[in-house]
Structure formats: structure tokens, C-alpha cells
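Structure first, commentary second.
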Amino acid sequence: MAATMLDKASVKQKYAQERAKRLRPDGNAQYIPLDARFPEMATDPYTLVKAREPVHDHVTFAFVGAGFSGLVVGARLAEAGVSDVRLIDKAGDVGGTWYWNRYPGVQCDTVSMIYLPLLEETGYMPSERYVHGPEIRAHCNRIADQFGLRDKALFHTEVTSVEWQQSDQRWRITTNRGDDFTAKYIGMGTGPLSVAKLPGIPGIERFRGKAFHTSRWDYEYTGGNANGAAMDKLGDKRVAIIGTGATGIQCVPYVARTAKHLFVFQRTPSSVDERGNRAVDPDWFKSIAEPGWQQRWYDNFVDNQSRGVIPTEDYINDGWTAISRRIRERVFALPSDQIDMTTIRAAVDDADIEKMNEIRARVDALVHDRETAEKLKAWYSQLCKRPCFNDLYLPAFNQPNVTLVDTDGRGVEEITETGLVVNGQHYEVDCIVYASGFDFGASFQLKSGFDVKGRDGQFLSEYWDNGLRTLHGLQTHNFPNAFTVQMFQAANLASNIPHNIVDHAKTIAQIVAHAEARGFAEVEPALEAEQAWVDLVLTGTGSLITSPDCTPGFWNNEGQGWDQKFRQIQGHPGGPKAFFDHMNQWRAAGDFKGLHFAK
Ligand code: NDP
């Protein structure tokens with residue numbers, strides 16, 4: 001049913017009121033990095049650091065980051081005949097996000113068939129529609145082993161400098177473990193959400209109990225393990241979880257199972273829709289697993305979310321594709337003589353309000369206490385914040401040992417030696433778990449921990465100081481043989497980031513294979529091609545996802561609006577489908593348009 005004008009106006013007014021409560025002048029500066037100031041929280045709780053000798057050698061390809069990006073690029077290079085690929089990562093093993101995030105309940109939010117890369121190449125069938133973290137980490141190990149990516153890898157190693165040496169047309173790489181080696185090519189895939197952040201709550205450093213970030217879960221303290229064993233040491237512990245984003249939502253039900261008491265500190269409720277997880281049926285999987293199936297699934301997902309011709313089938317058929325379908329149906333239902341930007345926007349609003357009404361009604365249906373239910377309702381458009389899908393989170397608030405502490409948009413006021421203060425009330429706890437997220441807008445240098453010195457001593461940080469400059473999000477002029485695997489200036493915030501990685505890996509492998517076969521020593525984009533790509537990106541008008549009118553969060557620069565620099569991290573203006581179509585045509589043409597190869 002279409003939202004009536006009255007409904008719509010009052011809902012919109014409520015959205016604006018709730019947003020206003022949360023806007024803060026300090027924006028992203030409200031957060032502090034999880035760094036040396038919190039050494040206990042910043043260390044790797046999962047793998048002991050092993051002593052090793054520094055390396056001083058040469059490899060064809062060095063890749064910073066051993067998460068999905070490094071693994072998939074490494075695999076594609078191995079297929080293309082480049083076997084000496086060195087992954088470097090500060091983690092103790094491969095996996096990236098999935099190495100660090102071992103909190104209880106961690107699970108992918110996009111259907112496994114398109115979330116897990118290289119399923120066809122590894123012949124692996126995911127066990128569930130949305131697999132849990134340990135299975136994703138095991139898949140990362142599978143890729144590393146199958147493609148021989150461990151042999152030369154350096155773990156628990158932070159790159160400290162990357163410098164182009166024109167004399168021998170190589171990159172020189174140094175690390176905090178004393179390594180000093182060269183590589184013909186360098187790739188960087190340090191991830192959009194790899195720098196954990198803590199809320200800058202006054203007194204945070206004073207707390208004397210146990211505290212950790214969700215990406216450094218301390219099972220020594222909680223008991224249990226990442227595979228789902230009950231956290232048996234929490235039976236006498238009062239635990240606080242700060243944060244109710246995609247991470248908080250997933251770990252709350254698991255902590256609730258065993259904690260003496262769990263206090264969930266909420267600033268903004270997430271929208272929590274149905275998950276509907278189930279085991280993958282091997283017969284069904286066999287029926288879809290025809291050659292080329294995973295690419296067809298990627299394409300189908302993107303097609304279902306595109307603005308162009310819509311396929312008749314939806315292989316994915318989950319909360320993500322339902323969002324696009326609902327909007328599309330509304331827009332397509334408009335009389336053809338009444339289609340303009342105003343009616344389209346109104347139709348999108350109607351679809352969204354209808355969906356959010358359903359999501360708010362879901363809270364009422366699942367949470368018994370009326371007051372708690374009211375506080376758990378999200379008052380913003382569904383795509384203002386990362387939509388969540390979970391069947392365990394809301395019912396957890398029916399347990400007598402779980403208390404929602406709603407801060408009415410203001411956040412936790414203070415942390416003391418023994419607990420937390422909200423609305424002047426002190427909550428004594430033994431442990432604080434920070435589900436406070438990651439620094440999304442951090443510069444490339446902050447995310448990776450080093451700068452890159454290209455041709456003529458040019459630093460990447462300086463070159464990108466006024467905004468990102470790339471061809472296809474991947475290569476930058478004056479930084480020969482260097483590749484950045486990222487979603488910016490590429491498919492951007494498509495809800496399935498691995499597709500972006502898989503596509504970039506194909507492009508990298510094709511470029512490197514060509515250079516190697518023809519004996520080229522260097523490849524980089526021409527300045528004009530890079531400029532044309534940046535100009536294209538800047539024609540974008542932003543998206544629903546990044547609107548500054550939304551409630552603040554990392555998706556919209558904490559509601560601070562978008563300056564030129566932020567506009568330059570948009571994706572292709574035509575959306576993910578347009579980007580992938582462009583890259584398919586670019587690769588198929590085989591003429592490497594925009595690139596300059598040199599001997
Ligand atoms: P988020 O940044 O989404 O959430 C941080 C939470 O901390 C928010 O609820 C925020 O409130 C809250 N917070 C911050 N400061 C305070 C404060 N002072 N007092 C109280 N609360 C505070 O981080 P997540 O780790 O949850 O998620 C980050 C991203 O990681 C996701 O968007 C998703 O892309 C990815 N992710 C993916 C998963 C998957 O695919 N399965 C699972 C988990 C994460 P507020 O909203 O008001 O800012």
C-alpha cells in the first residue's frame with residue numbers, strides 16, 4: 001500500500017528529528033584509532049608472532065594485504081603463470097577481515113555463492129546460504145594453499161616503505177621486520193574497513209576491567225571459540241557491548257547466551273530484517289554448478305540491482321535484491337506520462353517507507369517489552385545505514401539477562417574505572433566490547449600504514465591530496481607497475497564487494513600477462529586516460545546510500561556532506577553494472593586502452 005501523504009510527512013519529520021539528535025560537529029573526529037594507545041586491545045589475539053630472518057630477495061609481484069584482494073589477485077596471477085607472488089600482511093595468516101573478525105556469530109551477509117570468491121576454481125560448496133566466519137577463513141586458507149600463496153608470504157609484517165627505483169625498474173619494499181626486497185609489480189588491497197576505531201568517549205582509557213574491539217575478540221577471557229562453542233567464562237560477568245551496527249547485531253545473541261548480564265549500549269538502532277539462513281542442498285548446488293556459474297551469479301546480482309534491463313530471474317532472492325525489486329516495481333508502476341525525477345523520487349520514498357514500516361513492525365512482533373521494542377525501531381531510510389539481516393538479534397532482548405541501554409542518539413556519556421554512564425546512570429560492568437566499527441574514510445596511507453613513492457620521488461599521498469586519481473580505480477599515472485584493489489572509482493558500494501575484487505584481479509592478471517609476454521618493463525596509465533576517468537567519476541550525482549540527509553554514519557561521512565575529495569571516491573556514475581560492463585569490454589578489446597607500456 002502506498003504511504004499516504006500524511007503518513008509520509010510525519011515519517012519524514014520523525015526521520016529529520018532523529019537525524020538532528022545524532023549530528024555532531026566533530027564528525028569522524030569523534031573516533032580514535034585502535035592503536036598504540038591501547039596496546040592490549042591492538043595486539044593479535046589469535047596467532048603468536050614467530051621470529052624469522054628478514055628477507056632480501058626479488059619477486060615478480062608483491063601484494064600488500066592477504067585478504068580476499070591479495071588471495072584472488074595471487075590466484076589469477078598463478079593461473080597466468082606468475083608463480084612468485086609475495087603476500088604481506090600484518091595479520092598472522094591469510095584472510096584479512098576474516099582473519100581479524102572472529103567475534104561470535106560472525107557471518108557473511110551476502111549469499112555465499114557470490115560472497116566467497118573462486119568457488120568454481122576451488123570446487124567448494126558452501127555449507128550454508130550465509131556461511132559463518134570460520135568457514136570463510138577456511139576458504140581463504142584453501143585459496144592460499146591451492147595457488148601456492150603461502151610459500152613466499154610474510155605475515156605479522158607491516159610494510160614501512162614502497163619506493164619505485166627507476167634504475168632497475170623495480171619497487172623496493174621495506175618492512176618493520178627488517179625485510180628489504182624488490183618486486184617488479186606491487187599490488188595493494190588493504191580493504192575499506194581494516195582500521196578498527198574506538199568511540200572517543202570521555203574516560204575510555206580509565207576503564208580497569210577487560211576491554212576489547214570485536215575484531216580482536218579475546219576468547220581467553222570469554223571462553224568458547226570462534227567456531228561457536230559457548231563462552232563458558234562469561235557466566236559471572238557483566239558485559240557491555242557498545243555499538244549496534246552489523247557487527248553488534250551479530251554478536252549480541254551469542255554473548256546473551258552465557259553472560260551473567262549483557263548491557264547493549266545503543267546510539268542508533270539498525271534496521272534488522274529477516275535472515276532466513278539455511279543449509280545448502282548438495283543436489284541443488286550440483287544443479288547450478290555448471291561451468292561459468294559463479295560469474296553468472298555475480299552478473300545476475302548486479303543486473304537485479306541495476307537501472308537497466310532487468311533479468312526475469314533473481315538467483316539471489318534475498319533482502320538485498322528485494323530492496324531493488326521493491327523500488328523498481330514502484331517506479332515501473334508509474335503512468336508513463338507521469339515519469340519525471342519528482343515522481344520517481346516519490347515512488348522510491350513510498351517503497352522505502354513501506355519497507356521500513358515492515359521492519360519496525362517486525363520489532364513489535366519479536367520483542368515482548370513495548371518500551372524496549374520502541375527503542376529498537378530504526379527511523380531512517382533503509383539505505384541510510386548498512387541494512388542488517390538477522391533472526392537472533394531482536395529475540396535476544398526477551399531474555400531476562402539482557403538490557404538495552406538506549407542513549408537516545410547521544411552515545412555513551414562517560415566511561416569510568418568500573419563502568420559506563422548514560423543519562424547520568426552508572427552501569428557497572430566487568431567487560432566492555434567495542435562493536436564500534438572501522439575508519440572507512442581514512443586515507444590510503446592511514447589504512448595501509450605506509451606511503452608509496454613513485455616516479456621522480458612523487459608520493460601517492462601528495463598526488464591524491466586533492467582527491468583520488470586512477471584509471472578504473474586500479475592504476476595511477478607516475479606509479480608504474482602498481483595496482484590498488486579498491487571499490488573507489490570502480491564498482492563502489494555495490495553490496496557485494498568481492499565481485500569488485502574478482503573483476504580487478506582479472507584485469508591485473510591480463511595486464512601483467514601481456515607485459516610479461518611482450519617483455520615490457522613498465523606499465524602505467526597515460527595522464528589523459530586517468531583524467532578522463534576521474535572526470536567520468538565526477539559526473540556522478542551520489543547515491544541514496546551516501547546522502548548527507550541520512551542519519552549520520554560512516555556511509556555518509558557522518559552526515560558532514562561531501563567535499564570534492566569525497567566526491568572523488570564515488571564509483572562509476574552508471575553504477576556497478578556500468579562499471580563491470582565497461583571492464584568486460586575493455587578486457588575483451590585487448591588493446592589496453594589508456595595504458596602505456598614501456599621496455
Ligand atoms: P559500524 O560503524 O556500522 O557501527 C558502529 C556502532 O557503534 C554504531 O552502532 C554506532 O552508532 C556505535 N557507536 C559509535 N560511537 C558510539 C558511542 N559513543 N556510544 C554508543 N555507540 C556508539 O561498525 P560495524 O563493525 O558494526 O560494521 C561496519 C561494517 O562492517 C558494516 O557496515 C559492514 O560493511 C561490515 N560488516 C559486515 C558484516 C557482514 O557482511 N557479515 C558483518 C559485520 C560488519 P551510530 O550508528 O549512532 O553511529
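The values are calculated or read from the model by the stated rules, or taken from the named source; none is laboratory data. These figures come from a predicted structure and were not determined experimentally. Using ideal geometry, Cβ is built from the backbone for each residue, glycine included, and neighbour counts are taken over all protein chains shown. Each accessible area value is taken on the protein alone, full model and side chains, heavy atoms only, with ligands, DNA and RNA left out. Shrake-Rupley method; radii C 1.70, N 1.55, O 1.52, S 1.80 Å.
Summary of values
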quantity	calculated
Subset tally (residues that are without any contact (Cβ under 8 Å) to a residue 40 or more places away in the chain and open to solvent by 50 Å² or more (accessible area, probe 1.4 Å)) for the stretch 216-228	1
Contacts under 8 angstrom Cβ, first residue in the stretch 492-506 being among the acidic types (Asp, Glu) and modelled with pLDDT of 95 or more, partner open to solvent by less than 20 Å² (accessible area, probe 1.4 Å) and assigned to a loop (DSSP other than H, G, I, E, B), 6 or more apart	Asp503/Ala490; Asp503/Ala491
Residue that is assigned to a loop (DSSP other than H, G, I, E, B), free of Cβ contacts under 8 Å to residues at least 24 places away in the same chain and open to solvent by 40 Å² or more (accessible area, probe 1.4 Å), where the choices are Asp549, Asp465	Asp465
Filtered residue count, the stretch 356-371, keeping only those that are farther than 22 Å from Cys108 by Cβ and open to solvent by 30 Å² or more (accessible area, probe 1.4 Å)	10
Given (1) away from the ligand (no atom under 16 Å from the Cβ); (2) at pLDDT 90 or above; (3) over 21 Å from Leu394 (Cα atoms), index of the condition Arg278 fails	(3)
Given (1) over 30 Å from His139 (Cβ atoms); (2) in contact with a Lys or Arg (Cβ under 6 Å, 6 or more places away or on another chain); (3) not basic (Lys, Arg), index of the condition Gln510 fails	(1)
Cβ-Cβ under 6 Å pairs, at least 6 apart or on other chains, the stretch 317-331 side assigned to a helix (DSSP H, G or I), far side at pLDDT below 85 and crowded, with 18+ Cβ neighbours inside 10 Å	Trp320/Ser495; Ser324/Gln305
Number of positions in the stretch 161-179 that are open to solvent by less than 50 Å² (accessible area, probe 1.4 Å) and of a type in the set (D, E, K, R)	1
Residues of the stretch 442-462 satisfying the condition of being buried (at least 20 other Cβ atoms within 10 Å of the Cβ) and more than 13 Å from Gln486 (Cβ to Cβ)	Phe450, Val452, Lys453, Gly454
Enumeration of residues in the stretch 400-416 that are in contact with a strand residue (DSSP E or B) (Cβ under 8 Å, 6 or more places away or on another chain) and either more than 16 Å from the ligand (Cβ to nearest atom) or outside any loop (DSSP other than H, G, I, E, B) (or both)	Asn401, Val402, Thr403, Leu404, Val405, Asp406, Glu414, Ile415
For Phe301: the one exception among (1) at pLDDT 95 or above; (2) open to solvent by less than 10 Å² (accessible area, probe 1.4 Å)	(1)
Qualifying positions in the stretch 243-274 - within 15 Å of Glu428 (Cβ to Cβ) and either open to solvent by less than 20 Å² (accessible area, probe 1.4 Å) or within 11 Å of the ligand (Cβ to nearest atom) (or both)	Ala259, Leu262, Phe265
Leu383 assigned to a helix (DSSP H, G or I) and within 14 Å of the ligand (Cβ to nearest atom)	yes
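Per-residue answers, yes or no, for (1) away from the ligand (no atom under 16 Å from the Cβ); (2) assigned by TED's automatic domain parsing to the domain that holds Tyr115:
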site	(1), (2)
Pro480	yes, yes
Asn500	no, yes
Ile508	yes, yes
Ile511	yes, yes
Arg518	yes, yes
Ala532	yes, no
Pro548	no, no
Trp555	no, no
Glu558	no, no
